[in-house]
Each structure stands twice: as C-alpha cells, then as structure tokens.
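Beneath this line is the structure, given in structure tokens, with notes to follow.
The values are calculated or read from the model by the stated rules, or taken from the named source; none is laboratory data. Model, not experiment: these values are computed from the prediction. Reconstructed Cβ throughout: ideal geometry from the backbone, glycine too, with neighbour counts over all protein chains shown.
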Amino acid sequence: MKGVIFCCLAELVKEKMGVDKWRTILEKSGMSPSTNFLPTEDIADNVIAQTIQNTCTVLNFSVEQAADAFGDYWVNTYASKIYKVYFNGKNTAKELLLNMDSVHKTVTQSIPNAHPPRFDYKWKNDNTLVITYHSKRGMIDFLLGLIKAVGKHFKETLIVTKIDATQIEVVFP
Ligand code: HEM
C-alpha cells in the first residue's frame, strides 16, 4: 500500500500520543524506531497490517477505535491538506463519497502494481446509499471510520452501518 497511509498514521500517533509510543509501535513491528517511509513509496500490505495491529496493542485501542481515529485524522487533517484538490468543489458528504472510487483510481495510477480499494454505489432510496468495498486488504472497519469522518467534515449527521465485510449502508440527512 502507498506509504502515505503509513505517514499519516505516524503523524497521528506522534501528535496525539507522543513520539515514544510511535517508536515502540515500530520496534514491536520489527522496524527500527527511526523508520520513515516516503508517501509515494510502496509498502507491503503485511507491514501496514502489522503496524496497525501493534498500534492497537500499544495504545490499548480496539480496531474500531483505531479506525475512527485514523479516519478522522485522514479526512479532517491530513488528506484535506495534502490532497485538497479532491475536496475542492465538493459541498456535501454525498458528493465527496460518490467521487471516492475515481479518486483512488487516479491517486494510485502512477504506482506500478497498485491495488487501490474500489467502491460500487447502489441507492436503496433517495437518502440511503449502499457502498460495496472491493479490496483484498479487508479494511472495512477503516472504511467505516473514514465515512463517519466525511460526515463530520461536512457537519452532516450520517447514519453509517456495516452490513457485512464488503458492504456499508450510509443514510444521508
Ligand atoms: C480525498 C481524499 C482521499 C485520498 C487522496 C485517498 C487516497 C488513498 C490512498 C493513496 C490509499 C492507498 C491505496 C493503495 O496504496 O492501494 C488509500 C487507502 C484507502 N482509502 Fe483513501 N483516500 C481518500 C479518502 C478516502 C475516503 C473518504 C475513504 C472512504 C470513503 C477512503 C477509503 C480508503 C480505504 C478503506 C483505504 C485502505 C486500502 C484498502 O482498503 O485497500 N479514502 N486512500
């Protein structure tokens, strides 16, 4: 997976929990405590998975808590700064979410062998969208946290429910 995800997690943990916690997480994950990756670098999925698992252990977070914290930081601090272009002209959670399949395809197109998550959208009724998640990484809990964070970004109350390992229902106001 693209190093930018790792960089964002590092910044979040260092800023909110302190640099020592991040160093512990890196060591527990078999890396030097001074490890840094470039945002554009490709990092093996198992390294990311291991780092997320150790983040939960060291911070005593459930996967859901980690996913919510990551989602909020990614959408409302990190990506809204460095990937501002994808937020420009989007005025509602609905508009941003419906563009996410195309954003992930675009952002990773210059990386050889990239496997970005892909999303299918199906409307159940005027306000209820079912998003189907396609990725071998099985990060549906992170998808949930990210969608909730998009609601917060636009100050909208979304009802976000995990249906199963590949589907999430979003009810818009
Ligand atoms: C506009 C801001 C965003 C940008 C630029 C962006 C970009 C990225 C990038 C570069 C990756 C790594 C993909 C790879 O290496 O294959 C990623 C992962 C991911 N993104 Fe986003 N993303 C954004 C917002 C979101 C939002 C709002 C969601 C949820 C609706 C989301 C869902 C995910 C998930 C679940 C992953 C984990 C990888 C996987 O499941 O396979 N992203 N994103």
Considering the stretch 41-75 alone, what residues qualify as being among the charged types (D, E, K, R) and either part of a helix (DSSP H, G or I) or buried (at least 16 other Cβ atoms within 10 Å of the Cβ) (or both)?
-> Asp45, Glu64, Asp68, Asp72
What's the number of the condition Ile48 fails, among (1) modelled with pLDDT of 95 or more; (2) within 12 Å of the ligand (Cβ to nearest atom); (3) over 15 Å from the mean Cα position of the chain (by Cα)?
-> (3)
Determine whether Asp141 is within 13 Å of the ligand (Cβ to nearest atom), under 17 Å from Ile52 (Cβ atoms), acidic (Asp, Glu) and at pLDDT 95 or above.
-> yes
For the stretch 76-92 the number of residues that are aliphatic (A, V, I, L, M) and surrounded by 14 or more Cβ atoms within 10 Å (Cβ to Cβ) is 1
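Residue check: is Leu97 part of a helix (DSSP H, G or I), closer than 22 Å to Lys162 by Cα, more than 7 Å from the ligand (Cβ to nearest atom) and within 13 Å of the chain's Cα centre (by Cα)? Give the steps one after another, and end with the answer.
Details: part of a helix (DSSP H, G or I): yes; closer than 22 Å to Lys162 by Cα: yes; more than 7 Å from the ligand (Cβ to nearest atom): no; within 13 Å of the chain's Cα centre (by Cα): yes.
Answer is no for this residue.
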Would you say Lys16 is within 24 Å of Glu156 (Cα to Cα), surrounded by fewer than 17 Cβ atoms within 10 Å (Cβ to Cβ) and not aromatic (Phe, Trp, Tyr)?
-> no
Tell me which residues, restricted to the stretch 103-138, are surrounded by 13 or more Cβ atoms within 10 Å (Cβ to Cβ), of a type outside the set (Gly, Ala, Ser) and within 8 Å of the ligand (Cβ to nearest atom).
-> Val103, His104, Val107, Thr108, Ile111, His115, Pro116, Pro117, Phe119, Ile131, Tyr133, Arg137
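Scan the stretch 141-159 for residues that are aliphatic (A, V, I, L, M) and either touching a residue at least 60 places away in the same chain (Cβ under 8 Å) or crowded, with 20+ Cβ neighbours inside 10 Å (or both) and jot them down.
Step one: list which residues in the stretch 141-159 are aliphatic (A, V, I, L, M), which gives 143-144, 146-147, 149-150, 158-159.
Within the stretch 141-159, Leu143, Leu144, Leu146, Ile147, Ala149, Val150, Leu158 meet the criteria.
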Residue ID - farthest from Pro173 (Cα to Cα), chosen from residues in the stretch 107-136 that are at pLDDT 95 or above, over 12 Å from the mean Cα position of the chain (by Cα) and part of a loop (DSSP other than H, G, I, E, B) | Lys136
Of the conditions (1) under 26 Å from Ala49 (Cβ atoms); (2) within 12 Å of the ligand (Cβ to nearest atom), Thr161 clears all except one; give me its number.
-> (2)
Mind checking which residues of the stretch 137-173 are within 22 Å of Pro116 (Cβ to Cβ), in a strand (DSSP E or B) and among the aliphatic types (A, V, I, L, M)?
-> Val160, Ile168, Val170
Subset of the stretch 20-35, residues in contact (Cβ under 8 Å) with a residue 24 or more places away in the chain and part of a loop (DSSP other than H, G, I, E, B), comes to Ser29
Which members of the stretch 45-65 meet the condition of being free of Cβ contacts under 8 Å to residues at least 24 places away in the same chain and among the small types (Gly, Ala, Ser)?
-> Ser62
